[in-house]
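Here the structure comes first, spelled out in structure tokens, and everything after it is commentary.
The values are calculated or read from the model by the stated rules, or taken from the named source; none is laboratory data. Computed from a prediction, not measured in an experiment: that's the story for all the values here. FYI the Cβ positions are ideal-geometry reconstructions off the backbone, even for glycines, and counts take in every protein chain you see. Accessible surface is based on the protein model in full, side chains and every heavy atom, while ligands, DNA and RNA are left aside. Shrake-Rupley method; radii C 1.70, N 1.55, O 1.52, S 1.80 Å.
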Amino acid sequence: MLSTYSKTAVKAAVPKAVRCLATAALTRDSQVNQNLLETHSFIQYKKHLENVEIVKSRLNRPLTYAEKLLYGHLDDPHGQDIERGVSYLKLRPDRVACQDATAQMAILQFMSAGMPQVATPSTVHCDHLIQAQVGGPKDLARAIDLNKEVYDFLASACAKYNLGFWKPGSGIIHQIVLENYAFPGALLIGTDSHTPNAGGLGQLAIGVGGADAVDVMAGLPWELKAPKIIGVKLTGRMSGWTSPKDIILKLAGITTVKGGTGAIVEYFGSGVETFSCTGMGTICNMGAEIGATTSVFPFNNSMVDYLNATGRSKIAEFANVYKKDFLSADEGCEYDQVIEIDLNTLEPHINGPFTPDLATPVSKMKETALANGWPLEVKVGLIGSCTNSSYEDMTRAASIITDAGAHGLKAKSIYTVSPGSEQVRATIARDGQLKTFEDFGGVVMANACGPCIGQWDRQDIKKGEKNTIVSSFNRNFTARNDGNPATHAFVASPEMVTAYAISGDLGFNPITDTLKDAEGNEFKLKEPVGVGLPVNGYDPGENTYQAPPEDRASVQVIIEPTSDRLQKLTPFKPWDGKDAEKLPILIKAVGKTTTDHISMAGPWLKYRGHLENISNNYMIGAINAENGKANEVKNLYTGEYKGVPQTAADYRDSGHKWVVIGDENFGEGSSREHAALEPRFLGGFAIITKSFARIHETNLKKQGLLPLNFVNVADYDKINPDDVVDLVGLTTLAPGKNLTLRVHPKNGATWETELSHTYNAEQIEWFKAGSALNKMAKA
């Protein structure tokens, strides 16, 4: 076998017949479909390049690759104000992708807009509602039975409104997008925070909330604050146990979880040409964990290889026509920040526990774990997920297992494999890697998100038991994977996860340490090897795609009136035109408050289409500064302690608007707009924090809530949970104009502090109307 990270090896892995470009030469005026599944969507390189030339003439400076893709999709390139980190851009994305958990609310919102069909090509992907229990086929069958009404609703709505529908079992949204819809130079928005995965194929792919998706589905331009551009220069070449995952693990340790906020990460340098397209996808996928708007690699030969291998050679040829002027950065372009990573010296990293930016190189893992009291026994190793489930990942992991098997070893830890798509599953089944995993003692899960998002019925430990798991996933917040806050979850490459599963020891370093074979002899694991793309091409497996019918007039969208999982939406009330006075503080949250704390996934995913029911999980994972407990807050008026959502509903039903006080990077993590819909439904008025994560801040604005920041972050500490507050200045709310928070302590003198916001003029109209959807309905 060939080393994946030798450039010649990657090319040798692709059959010559597959690499041949189309014989009929394409020109700049050629009409090329965006994908093989739709006949109505075409690549608009010529239009995008025209936009770029207009912007370059205005700015009079060279552009980065990301800027070209971004400005190439401007709605008004002549009149658009453009300043990185300041302007709000109006953009025209090429398409929208939704996963099934967020699609429910997005489609319910779209239906309320009263349009006959989507105006932008869109798809729905069933990947989030399948719980991992015993293995792929049984888990899938169980999910189809349990979620029948949701799948029927989504399938019928897609058929009615002209969306493509990927059935349960097809795979994870980001892998399906990469295999079928992503192409160099595109702009895609998706209702999942790891949408940036498609940046590995040279496009901008940005995670958004459902309300943003609805705007684009309805044909409206999409609004994004002009990102800054962080350049990451890659030099050298990876070797041995190092993999593309280690690039983003290292970067997360450098930037922290908020270091990329408000920025696009653009990779450049000679190292870019040394590894695979799917490896680039891994890096872009996990860029969400540093808060980046998205991440992107420039168009390169690895992308040509991947497009050819997935039957899209015409797109590769068309992209080559525009490579010099549109699909490459201008010479002399400038980045707002540059970070350099030397791939020659990069070693494997393990990030965690409890946060994806706590990066530890493998050479220091044992001493760090001992110093911090992290459990060394690895209970479970999990590979796959949307981040690391490519054919390349599978072959490299399988090579390690084959080596261990030759020495008579099997997994010491529980070992699970989550294939990213039906195509990957079918291909590794044909080529033997799947059998290798099973012979090792591994459990092959369904083609779905599974444990990565908390869809895991874990049975090997009791809740509260301190333990360690290592996964090739992207996110490892407290209790995210298994619902157990005592689980120490670490994130690593599939290769390192596999090595840990063999050794059962978090302190094991496969580069330097030895294992004992079945006969007690010491040996070292061989370095992992694999291929970037299957030599015999991909096996598509079972056809799981439902195209919308030609005649959609008679299609009825299925919503059972008695359903506890689907509920039609009622518009939120508009602002009353007054400053808000005497608002109680529902909770002062202390520490990390992610979207998992605000609106948990796992068992709550079943209610993603029913706002009233899912609102019962609002902020139940957040820690109350008053008592250090989760889901226990005091009602200011009765003195009674209840859960957060119950107290919020009590305030709402007694006519009291309320606020939440939050810490740094509030709402980091998922794109789930339920974290904004729920507080709005429960009567919330404002969320006041030290700072927000980008998607959550936008989602709050879309739903008519006020996301506000302390100008002086130290004032967060002065707020007491039993204070009441006024919000002054709402009647003159304007872009760039601060509001005043007037605080009335229970004991003590009233005091005031300034609150900032990021509203532009149009977003202020959302607030006044009660939501962005209300504003759109009135237009």
query: Any idea of residue 158's accessible area? Nearest 10 Å², probe 1.4 Å.
result: 0 Å²
query: Over segment 580-777, what is the mean sequence separation of C-alpha contacts under 8 Å (at least six apart), divided by residue count, expressed as relative contact order in percent?
result: 21 percent
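Does segment 349-523 come out rounded, prolate or oblate by the C-alpha gyration tensor, with a ≥ b ≥ c the root eigenvalues, rounded set by a/c under 1.5 and, if not, prolate when a/b is larger than b/c and oblate if not? All intermediate terms of the calculation are to be shown ahead of the outcome.
Details: a/c = 1.65, a/b = 1.09, b/c = 1.51.
Oblate is the answer for segment 349-523, as a/c is 1.5 or above yet b/c matches or exceeds a/b.
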message: Heavy atoms only, 1.4 Å probe, whole protein assembly: order 724, 265 by accessible area, highest first.
response: 724, 265
- prompt: Excluding ligands and nucleic acids, what accessible area in Å² is computed for residue 47 using a 1.4 Å probe, to the nearest 10?
  reply: 100 Å²
- prompt: Which of the lysines could a cross-linker bridge to residue 379, judged by Cα under 19 Å and excluding same-chain residues fewer than eight apart?
  reply: 366, 410, 412, 462, 463, 466
field: segment 109-227, accessible surface, carbon-and-sulfur percent (1.4 angstrom probe)
entry: 55 percent
- prompt: Given 138/245; 56/314; 167/606; 148/573; 90/778; 233/324, which pairs have Cα atoms separated by over 22 Å?
  reply: 138/245; 56/314; 148/573
field: Alpha-carbon centroid distance for the pair segment 491-545 / segment 413-453, whole angstrom
entry: 13 Å
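Order 552-560, 430-438 from most to least packed using the mean count of other Cβ atoms within 10 Å. Intermediate results must be reported in sequence, preceding the final value.
Values: 552-560: 12.9, 430-438: 18.2.
In decreasing order of mean packing, 552-560, 430-438 become 430-438, 552-560.
Could you work out the relative contact order of the chain? I mean the mean sequence separation of Cα pairs under 8 Å and 6+ apart, divided by the number of residues, in percent.
Details: 1909 pairs, mean separation 110.5, N = 779.
It rounds to 14 percent for the chain.
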query: Mind listing P(r) for segment 329-443? All alpha-carbon pairs, 5 Å bins, whole percents.
result: 2, 9, 14, 17, 16, 16, 12, 6, 4, 3, 1, 0
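If you build the convex hull over the alpha carbons only and average its shadow over all orientations, what do you get for segment 580-777? Give it in nm² to one decimal.
Numbers: hull surface 41.8 nm².
With every direction weighted equally, the projected area is 10.5 nm².
In what order, largest first, do 45, 637 sit by accessible area if the probe radius is 1.4 Å?
Values: 45 0, 637 105 Å².
Correct descending sequence by accessible area is 637, 45.
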- request: May I ask what percent, to the nearest 5, of DSSP beta bridges between residues of segment 80-233 are antiparallel?
  value: 20 percent
- request: Sequence neighbours fewer than 8 away in the same chain don't count; with that in mind, list the lysines whose C-alpha is under 21 Å from residue 746.
  value: 582, 588, 634, 642, 657, 718
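Rg(Cα) of the chain divided by 2.2 N^0.38 Å? Before the final figure, lay out each step's value.
Details: Rg = 25.3 Å, N = 779, 2.2 N^0.38 = 27.6 Å.
After normalising by residue count via 2.2 N^0.38 Å, the value is 0.92.
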message: Considering only protein heavy atoms and a probe of 1.4 Å, how much of the accessible area of segment 349-523 is carbon and sulfur, as a whole percent?
response: 48 percent
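With every protein chain left in place, what is the accessible area per residue of the chain in square angstrom, probe 1.4 Å?
Per residue, the chain has an accessible area of 35 Å².
Need one number: % antiparallel among DSSP beta bridges in segment 580-777, to the nearest 5.
Numbers: 20 of 34 bridges.
Taking every DSSP beta bridge within segment 580-777, about 60 percent pair in antiparallel fashion.
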Candidate residues 538, 415: accessible-area rank, largest first, probe 1.4 Å: 538, 415
message: With both bridge residues required to lie in the chain, what share of the DSSP beta bridges run antiparallel, to the nearest 5%?
response: 40 percent
- prompt: How many nm separate the modelled label positions at residue 324 and residue 342, each set 7 Å beyond the Cα in the direction of the Cβ?
  reply: 3.6 nm
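Summing +1 for each Lys or Arg and -1 for each Asp or Glu, what net charge is found among the other residues whose Cβ lies under 14 Å from the Cβ of residue 261? Can you show the working numbers first?
Working: positive: 84, 225, 228, 258, 690, 694; negative: 289, 336, 357, 664, 668, 697.
Local charge sum for residue 261: 0.
What is the percent of Cα-Cα separations in segment 25-77 that go past 15 Å?
Numbers: 737 of 1378 pairs.
Value for segment 25-77: 53 percent of Cα pairs lie more than 15 Å apart.
With the cut-off at 1.5 for a/c, could you classify segment 662-701 from its C-alpha gyration tensor as rounded, prolate or oblate?
In terms of gyration-tensor shape, oblate.
Hey, what does the equivalent ellipsoid look like for segment 499-630, semi-axes from the Cα gyration tensor as sqrt of 5 times each eigenvalue, largest first, whole Å?
Values: eigenvalues 465, 225, 39 Å².
They are 48, 34, 14 Å, listed from largest to smallest.
Starting from the eigenvalues of the Cα gyration tensor, five times each then square-rooted, give me the equivalent ellipsoid semi-axes of segment 473-550, largest first, whole Å. Kindly include the intermediate steps, with their values, before the conclusion.
Working: eigenvalues 241, 116, 23 Å².
They are 35, 24, 11 Å, listed from largest to smallest.
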- prompt: Between residue 742 and residue 138, what is the FRET efficiency for a Förster distance of 56 Å, r being their Cβ-Cβ separation, to the nearest 0.05?
  reply: 0.45
- prompt: To the nearest 10 square angstrom, what accessible area does residue 347 show with a 1.4 Å probe?
  reply: 60 Å²
